[in-house]
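Below is one structure, written out as structure tokens, with a few remarks after it.
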Amino acid sequence: MTEKEYKKIFEEYLSAVLNGLGDGLLEQAMKYVLSAGGKRIRPVLTLAVANCLGVPSEKVLPFACSLEIIHNSSLVHDDLPCIDNDDYRRGRLSCHKKFGESTAVLCGDALQNFAYEHSLNAIKDLSGAKCLELISRYSGFRGMLGGQFKDVYAEKNKIVNKELLEEIEIKKTAKLIMASVLIPTFFVEKNYFNELKEYAENVGVVFQIVDDVLDVKGDKNLLGKTLGKDSENGKLTSVEIYGLSECERLVQEKTQKAVSALNNVENSEFLKNFAVELSKRIY
């Protein structure tokens, strides 16, 4: 299957989920955020790994959806004036500019709650419970939220530190991508857990480095957001620590590590190609 086909499967599933929400102002804000599109790389990876391992998509879609909802909740909070102060997201007004700051705060909270509710309703056995436990751990203070806190802390305190940057890259970005890749492994015995974990960690770091670079030299119309915000806000980024040329070298190095991690994983060509194509976005 292609990336476009995986994305179509997910969008159809998400559309059905959104149809179940009400029409109040808070629900409108939630739908506004979740219907904005985006790359959907996390659910695409979940579906691709499921296909690789022979796991039916119906088993992983609820958890892939929950993970994508959590990711979007973090973007709502990220865009707020107290954090990144971004007016645009995916080519249109960010949630707080469209609905107001107080609604945006509550929308981000509601999305997280809705994500866990959705996963809980999908649990039918121990495999599902393990998925939710992984999502909780990798999206909470040990993962994404912890990384976001360190990101804000470094910015507010003007900290320029390579080790802290690496921690932020792993927690803030890579952890959710790792969760998306590992979800299908709980449904089969021969799951290549360690290989897929190594793959996902490297892909996650590449994604963050590429994002940092594109904030400097990307195309605003293609990215759908304001460029130069990292530098303007004094963020700790890979560009600041390494410079553009070293970032490009690191992307290639970590992409090769991601691809090599799957050398013994059957039916993994899509995943390998995905990592390579992601690395090309930097140019």
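Ranking of I41, I241 by neighbouring Cβ atoms within 10 Å, starting from the fewest: I241, I41.
Converting phi to 3J(HN,Hα) with the Karplus coefficients 6.51, -1.76 and 1.60 and the offset θ = phi - 60°, the stretch 189-197 yields 7, 7, 10, 6, 4, 5, 5, 5, 5 Hz in sequence order, with x at every glycine or proline.
For the chain, the Cβ-based charge dipole about the Cα centre amounts to some 160 debye (Lys, Arg positive; Asp, Glu negative; other atoms uncharged). Among the trypsin sites (Lys or Arg not before Pro) within the stretch 132-188, those in coil by DSSP and having at most 15 neighbouring Cβ atoms inside 10 Å are R142, K158. Using the structure shown, select from K4/K98; K31/K171; K59/K257; K4/K257; K8/K150; K4/K235 the pairs with a Cα to Cα distance greater than 31 angstrom. Distance filter (> 31 Å) returns K8/K150; K4/K235. Taking the centroid of alpha carbons for each part, the stretch 46-79 and the stretch 230-283 are 21 Å apart.
Semi-axes of the equivalent ellipsoid for the chain, computed as √(5λ) from the eigenvalues of its C-alpha gyration tensor and ordered from largest down, come to 27, 25, 17 Å. Look at D78, D23, D87 and count the other Cβ atoms within 10 Å of each Cβ; fewest to most, that gives D23, D87, D78. What you get for the stretch 231-275, charging only the Cβ of Lys and Arg (+1) and of Asp and Glu (-1), is a dipole of about 80 debye around the Cα centre. In this structure the amide hydrogen of R92, modeled in the peptide plane, comes within under 5 Å of no amide hydrogen from residues 5 or more places off or on another chain.
Only the coordinates and a few stated rules stand behind these numbers; no lab work does. Nothing here was measured: the structure is a model prediction, and the numbers come from that model. Quick reminder, even Gly has a Cβ in these numbers, built from the backbone with ideal geometry, and neighbours come from all protein chains shown.
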